[in-house]
1. Given the Cα-Cα distance of residue 464 and residue 407 and 0.36 nm per residue of separation, how much length would full extension add, in nm?
2. For residue 387 and residue 102, FRET efficiency with R0 = 45 Å and r from the beta-carbon atoms, rounded to 0.05?
3. Taking every DSSP beta bridge that has both residues in segment 224-373, what percent is antiparallel when rounded to the nearest 5?
4. Relative contact order (percent) for the chain, with alpha-carbon contacts under 8 angstrom and 6 or more residues of separation?
5. Of all DSSP beta bridges located in segment 301-370, what percent are antiparallel, nearest 5?
6. At a 10 Å Cβ-Cβ cut-off, how would you order 183, 312, 172, fewest neighbours first?
7. On a full-extension model of 0.36 nm per residue, what is the gain between residue 293 and residue 149, subtracting their alpha-carbon distance, rounded to one decimal in nm?
8. Given R₀ = 30 Å, what would the calculated FRET efficiency be for residue 228 paired with residue 315, taking r from the Cβ atoms and rounding to 0.05?
Ligand code: NAD
């Protein structure tokens, strides 16, 4: 790891930014590698999860990464162009001065990847980092050993380690990785680990992008088709069995709409997943630790006397790590299910009397990665947008703002720092160098700012410092 870092660093120091031609070659290679090996990658992911449908992996991991890489490929020529700006004062421009931003690669970028979408969350950041001309080292998750090994082999065959290096290993490797003096470090993972990463990075003043998690709320109103809202919410919640950073974490439903809406949620689950345990399209939980964590939330909720509804079609569990969808009605805020990010197929539902109460509830908690709002009324939508703070928002659906390549993706407060995707990702990994080129000729204004001062400066200051 240390050797890879030293090589990448010295290559960057001697050769500078990857050329735009080379960046495009690498981005194309990454696309080819994903397309050519998509079924092997789906198999590896299926092994790692013990059951994950190829459709889920193709849609959320491989397909999403290919789209992001292609978006970078088609926009890179536009992104790298230096930006000319007005001089201040503008008159300096008339005398021949120029103000410009040039985009320079930061150098060697570190990327730390979680287990839930190992392709999307490694190739996505790579698209931005390479488009900006950096070299990159990627630390994959120890919880997806088959997929991590395959990515290491595939990238290792096609791209030199001095440009992209894949590092695999456990927590000790992760800790050593996060202590490297990168030129930028992007971490995707849990909020608590994000704090440790930021602490490590601070020792070398490494700038960070932290893509964290949290409890993303869904506010449901009557002003949207009930079946469609329930279908979209459960579709998003149960995709990858809720192991999605943007999964709806809890619902806020109007008090007198609760029973109707719960019935509809249950109906939609049966339509999408008539069977759970024997259904190959229903993803298993990544490992025993997370399985135990999720089941302990249910046990605690039941023990507290809260109503818990299991939706499983009365089957006998045959996959030891599949958890059926559960709805947990009005759990107390001190229960774990309302404290921790759930990251699984459990959905607490809290009721509200009026929308002010729902907004106040969201605002009383740490700032979420996403907020979802179902309501066709434009004024009501604007109100939610103005009165709540979250990394992103999808209105009348869930999760999909992440798929918009031109929108920045990132959290705020406890859900993260910084953003990437599209041009915003290119900028995150670029040093935006401010360049002022002075005219070779002197002029009365410049002369006036040097001593001995006189009337011209006096006039200029009178003109500038006024209301
Ligand atoms: P995690 O934080 O446990 O691990 C993420 C990565 O960090 C892994 O590669 C791991 O090896 C490494 N790591 C763990 N402990 C470390 C330490 N002490 N020092 C250095 N590195 C360390 O997260 P996870 O369980 O893999 O993923 C789930 C979390 O990720 C959830 O909180 C989820 O919301 C979040 N997530 C966020 C996004 C996003 O884009 N915002 C996307 C996916 C997942």
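Just so you know, all these numbers are worked out from the coordinates, no wet-lab data involved. Note that the coordinates shown come from a computational prediction; the quantities given were computed from them, not determined experimentally. Here the Cβ positions follow ideal geometry from the backbone for every residue, glycine too, while neighbour counts run over all protein chains shown.
1. Here the segment from residue 464 to residue 407 would lengthen by 16.7 nm.
2. Given R0 = 45 Å and the Cβ-Cβ separation, E is 0.70.
3. Working: 4 of 12 bridges.
So the antiparallel bridges amount to about 35 percent of the total.
4. Details: 895 pairs, mean separation 84.6, N = 467.
Reported as a whole number, the value is 18 percent.
5. 50
6. Working: 183 20, 312 17, 172 9.
Neighbour counts put them in this order, fewest first: 172, 312, 183.
7. Gain on extension, residue 293 to residue 149, equals 49.2 nm.
8. In this case the efficiency is close to 0.65.
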